[in-house]
Amino acid sequence: MKRAYSFLTVQLLNNSQKEALRTLWNKEYPKTIHHYSFEKFDDYLKTLTNVSHTLVVENDVIVGWYADFNRDRERWFLLILDASIQGKGVGSEIIKKVKTKFPVLNGWVVASNSYLKEDGTIYQSPLEFYKKLGFTTFENVILEGSIKAIKIQFTR
């Protein structure tokens, strides 16, 4: 039986959605980049300009989040999926749609499997996923801080 997901696109998130996204972020991303408070996560969201959010909802629960936004005069994106829906085609479906919307789309991706998630399991780098979808990697363009990531870019 195919699972039923709905996609909700919004410009502004309400506090309940923000908290659900903070929880998803903290569950699925490496622990070193957690947002330990609602306020810190809200501060992060305020840095995103001209943002559009797409929420993946299953049984009234947010199980995925895609957002695109402007940063440094470029269009950037983020994508987080709950582990329960990874590998089910949801991420590919979202990326394929937005690739028709923007001529260039940039992101950061952790390129190694050396970070731990909140539950102590290894964070699996999505680098190969993005390569399969036609993204170019810029291994010399590195984001360093509490985590090391490389720039990826799709160009139509």
Q: Taking a cut-off of 18 Å between Cα atoms, list the aspartates and glutamates near residue 99, but don't count ones fewer than 8 places away on the same chain.
A: 68, 74, 128
Q.
What whole-number distance in Å separates the alpha-carbon centres of the stretch 102-121 and the stretch 52-85?
A. 13
Q) With respect to the cross-link table entries 40/96; 46/148; 101/131, which display a Cα-Cα separation exceeding 25 Å? A) 40/96
Q | Residue among 119, 72, 82 with the largest mean-square fluctuation in a Gaussian network model of the chain, springs linking Cα atoms under 10 Å | A | 72
Q: Can you tell me the relative contact order of the chain? Whole percent, Cα pairs under 8 Å, sequence separation 6 or more.
A: 21
Q.
What is the distance in Å between the Cα centroid of the stretch 125-152 and that of the stretch 9-33?
A. 21
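Can you tell me the relative contact order of the stretch 49-137? Whole percent, Cα pairs under 8 Å, sequence separation 6 or more. Don't skip to the end; give the middle numbers.
Values: 101 pairs, mean separation 16.0, N = 89.
It comes to 18 percent, rounded to a whole number.
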Q) Does the stretch 75-156 come out rounded, prolate or oblate by the C-alpha gyration tensor, with a ≥ b ≥ c the root eigenvalues, rounded set by a/c under 1.5 and, if not, prolate when a/b is larger than b/c and oblate if not? A) oblate
Q.
What are the equivalent ellipsoid semi-axes of the stretch 99-143, built from the alpha-carbon gyration tensor (square roots of five times its eigenvalues), in whole angstrom, biggest first?
A. 24, 12, 9
**Q.** Cα-based reach from residue 27 at 13 Å (exclusive), listing aspartates and glutamates while leaving out same-chain residues under 8 positions away
**A.** 19, 82, 118, 119
Q) Measuring from label point to label point, each 7 Å out along Cα→Cβ, what is the residue 104 to residue 36 span in nm? A) 3.8
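Computed from the coordinates by the stated procedures, all read-outs in this text should not be read as laboratory data. The model shown is predicted, which means the values in this text are computed figures rather than measured ones. We place every Cβ from the backbone using ideal geometry, glycine too, and count neighbours over all the protein chains shown.
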